[in-house]
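The values are calculated or read from the model by the stated rules, or taken from the named source; none is laboratory data. Treat the numbers as computed from the prediction; the structure is a model and nothing was measured. For neighbour counting, all protein chains shown are included, and Cβ atoms are generated from backbone atoms with ideal geometry for every residue, glycine included. Note: areas computed on protein heavy atoms with side chains; ligands, DNA, RNA excluded. Shrake-Rupley method; radii C 1.70, N 1.55, O 1.52, S 1.80 Å.
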Amino acid sequence: MCGRFTQNYTWAEVHTFLSVFGPPRNLQPRYNIAPTTVIDVIRPGQHGRELVPMRWGLIPGWWKKSAKEVPATFNARAESVAEKPMFRNAFKERRCIIPASGFFEWTGEKNARQPHLFAAADGSPVLAFAGLWDRWRDPATGEEILSCTIIVSGASAWMEAYHDRMPVLLAAKDFDAWLDGSLGPDALKPAAESALRAWPVSPRLNRTGVGDDDPTIIEPCEPVAIGQRS
């Protein structure tokens, strides 16, 4: 799964990597993003790819209850995303790319959980997660809410030491095919073994909402024995 990640890049970095259309923005870095908060999302627009804020946790357009009653939809499994009622319409019609600087997974026992940050092995400031988005109108207030989900696949052999799932990473050559719907579900595979590196970070990250604006929370801490890469 991907239940926590980071978005700490500049407009120039995300514009260059994802060819985003529009005037430069002062993007605020975030280091400990949790589900149901608002994140940066790239979707096709009238003039090209556009960066749009969305709720992380997809609410399908047909949902009749409140947002609080939506089950956990911050991740969609690659092997079932094309059929699951929560995601199948978005998979057909509303794909997106979620830019990220890295994501977190944990090792250790429940009372001593050690977070690890996973980032691009080549030092790139931006990863591209395959995602879906939807538009929903709150039946109680009439407010329109844009929301999204991150697609996750099974883990690579290296990643299995940390978790059995991981976000689907899109290569630049696949951006257009993903967004226009021509890239099928069979292409949603684990990233190559060499795509990522990992390091242990502060256990302060274990608490949701702590350190979201604190860059020190993603700095390396004491190393652990499991498959560390640097």
Practice task
Taking only the stretch 190-211 into account, find how many residues are out of contact with any His (no Cβ under 8 Å at 6 or more places or on another chain), of a type outside the set (Val, Ile, Thr) and in contact (Cβ under 8 Å) with a residue 40 or more places away in the chain.
Solution key: 10
Practice task
Could you check, for the stretch 148-155, whether at least one of its residues is out of contact with any Phe, Trp or Tyr (no Cβ under 7 Å at 6 or more places or on another chain) and of a type outside the set (A, V, I, L, M, F, W, C)?
Solution key: yes
Exercise for the section: Those residues that are of a type in the set (Gly, Ala, Ser), in a loop (DSSP other than H, G, I, E, B) and open to solvent by 20 Å² or more (accessible area, probe 1.4 Å), I need them from the stretch 59-100; list them, please. Expected result: 61, 66, 72, 80, 82
Practice task
Please list, ordered by first then second residue, the pairs with beta carbon atoms under 8 Å, 6 or more apart or interchain, first in the stretch 56-77 and more than 10 Å from residue 36 (Cα to Cα), second surrounded by fewer than 12 Cβ atoms within 10 Å (Cβ to Cβ) and of a type in the set (Gly, Ala, Ser).
Solution key: 66/140
Handout entry: Selection status of residue 105, part of a strand (DSSP E or B) and either open to solvent by 10 Å² or more (accessible area, probe 1.4 Å) or not hydrophobic (A, V, I, L, M, F, W, C) (or both)
Key = yes
Problem - Top-ranked residue of the stretch 150-176 - restricted to ones that are open to solvent by less than 30 Å² (accessible area, probe 1.4 Å) and in contact with a helix residue (DSSP H, G or I) (Cβ under 8 Å, 6 or more places away or on another chain), ranked as nearest to residue 4 (Cα to Cα) - result: 166
